[in-house]
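Novice: Before I ask anything, here is the structure I am working with.
The values are calculated or read from the model by the stated rules, or taken from the named source; none is laboratory data. Just so you know, these numbers come straight off a predicted model, no measurement behind them. Cβ atoms come from the backbone with ideal geometry, glycine included; neighbour counts cover every protein chain shown.
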Amino acid sequence: MRFAIPLALSLALLAACGGDGPAPQAVAFQSMQEDFTRSFPEGTYVFRNDTEMASAWSAAPQEFGEAKDMPVVDFAQDTIVGVSLGVGIRCNIPVITQVSSHDGVVVVSYKTNLDTGTTTLACLHRWRLTDFARIPATRDPVVFERVSG
């Protein structure tokens, strides 16, 4: 019994100052890869209003595939996030695999074969290397992380 109070106090202190905080929470997302048919310059994108999206859309050339109008987005409900690796071989298209929220930051995870040496003859033609997704509207900072696998 004499160890119960110090042990309980030690565990409470460890819980209060240690650990990584709450676990990341999954954020629902909808792929819009087929809606963003333009060749966006290499970079990451977060569109929170029509003006931001229209500016990037008009600056990106339509080089591959069927031209589509800029998607209509209700920015009161949604934010658009995206990653572009520019133009390259189709095998290297990035794919958003997960979106999560952790400590007030939205994390967009994506994978790509770029720099892995993984290709097939079926995809050795040039293409736009982009993926975009619709997520619930957020004002939180957004970061992008490349994941393997």
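Novice: Please find, within segment 96-107, the residue that is nearest to F144 (Cα to Cα) out of those that are touching a residue at least 60 places away in the same chain (Cβ under 8 Å) and of a type in the set (A, V, I, L, M, F, W, C).
Specialist: V107
Novice: Only one residue in T138, T130 is outside any loop (DSSP other than H, G, I, E, B), at pLDDT 95 or above and either of a type outside the set (K, R) or touching a helix residue (DSSP H, G or I) at 6+ places or on another chain (Cβ under 7 Å) (or both). Which one?
Specialist: T130
Novice: Name the single residue, out of those in segment 51-94 being free of Cβ contacts under 8 Å to residues at least 40 places away in the same chain and under 15 Å from I135 (Cα atoms), that is surrounded by the fewest Cβ atoms within 10 Å (Cβ to Cβ).
Specialist: The selected residue is V72.
Novice: In segment 121-149, what residues are hydrophobic (A, V, I, L, M, F, W, C) and surrounded by fewer than 10 Cβ atoms within 10 Å (Cβ to Cβ)?
Specialist: Listed by number, the residues that qualify are L121, A122.
Novice: I'd like to check something: does segment 41-62 contain any residue that is touching a Leu at 6+ places or on another chain (Cβ under 7 Å), part of a loop (DSSP other than H, G, I, E, B), at pLDDT 95 or above and farther than 19 Å from G104 by Cα?
Specialist: yes
Novice: Pull up segment 25-50, narrow it to residues that are under 14 Å from the mean Cα position of the chain (by Cα) and among the small types (G, A, S), then point me to the one that is nearest to A133 (Cα to Cα).
Specialist: S31
Novice: Name every residue in segment 69-93 that is over 12 Å from M32 (Cα atoms), at pLDDT 95 or above and part of a loop (DSSP other than H, G, I, E, B), in order of residue number.
Specialist: Passing the criteria: D69, D74, F75, A76, Q77.
Novice: Sticking with this one: In this structure, does R38 turn out to be in a loop (DSSP other than H, G, I, E, B), at pLDDT 95 or above and basic (K, R)?
Specialist: Working: in a loop (DSSP other than H, G, I, E, B): yes; at pLDDT 95 or above: yes; basic (K, R): yes.
Yes: the conditions hold for R38.
Novice: Same structure again: Which pairs turn up if I take residues in segment 20-42 that are in contact (Cβ under 8 Å) with a residue 12 or more places away in the chain and under 13 Å from I93 (Cα atoms) and look for partners that are basic (K, R) and part of a loop (DSSP other than H, G, I, E, B) with beta carbon separation below 6 Å, at least 6 apart in sequence or on another chain?
Specialist: Qualifying pairs under 6 Å: T37/K68.
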